[in-house]
1. From Leu33, Leu14, Leu39, Leu25, grab the single residue that is without any contact (Cβ under 8 Å) to a residue 60 or more places away in the chain and surrounded by 13 or more Cβ atoms within 10 Å (Cβ to Cβ).
2. Could you check Met5 against (1) without any contact (Cβ under 8 Å) to a residue 12 or more places away in the chain; (2) of a type in the set (A, V, I, L, M, F, W, C); (3) touching a Phe, Trp or Tyr at 6+ places or on another chain (Cβ under 8 Å) and say which number it fails?
3. For residues that are of a type in the set (A, V, I, L, M, F, W, C) and not in a helix (DSSP H, G or I), scanning just the stretch 56-67, find the one that is surrounded by the most Cβ atoms within 10 Å (Cβ to Cβ).
4. Checking Cys53 against (1) in a helix (DSSP H, G or I); (2) surrounded by 12 or more Cβ atoms within 10 Å (Cβ to Cβ); (3) not basic (Lys, Arg): exactly one of these is not met. Which one?
5. With the requirement that a residue be farther than 20 Å from Phe61 by Cβ and either in contact with a strand residue (DSSP E or B) (Cβ under 9 Å, 6 or more places away or on another chain) or not aliphatic (A, V, I, L, M) (or both), what does the stretch 1-50 give you?
6. For the stretch 26-67, give me each residue that is closer than 17 Å to Met1 by Cβ and of a type in the set (S, T, N, Q).
7. Can you name the residue in the stretch 26-50 that is at negative phi and not in a helix (DSSP H, G or I) and, of all such residues, is nearest to the chain's Cα centre (by Cα)?
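Every number here is computed from the coordinates shown, using simple stated rules; none is lab data. Please read all numbers here as calculations on a predicted model, not as lab measurements. A quick note on method: Cβ atoms are made from the backbone with ideal geometry, for glycine too, and the neighbour counts reach across all protein chains shown.
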Amino acid sequence: MKRNMGSIDRTVRLVLSVVLLVLYLTETVTGTLGFIAILIALLLAATSFIGFCPLYLPFKFNTFRKR
């Protein structure tokens, strides 16, 4: 897998993941919506750490810049 996410994209995803996790842990989001929030948070965190987003492939979208 080639990286297709830049540092800003990865940071935004990680911050959003933490926000969703905090919303769940403070019980602001509960039930089914809470479960979906946790799944999205895990997905965002995973793609952030890997640096690859499979949804970018069909659209040929790339935020990664080679130095």
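1. Going through Leu33, Leu14, Leu39, Leu25 in turn, just one is without any contact (Cβ under 8 Å) to a residue 60 or more places away in the chain and surrounded by 13 or more Cβ atoms within 10 Å (Cβ to Cβ): Leu14.
2. Here Met5 meets the rest and fails (1).
3. Only one residue tops the list, namely Phe64.
4. Here Cys53 clears every test but (1).
5. Listed by number, the residues that qualify are Tyr24, Thr26, Glu27, Thr28, Thr30, Gly31, Thr32, Gly34, Phe35.
6. Thr47, Ser48, Asn62, Thr63
7. For the stretch 26-50, the residue satisfying everything is Val29.
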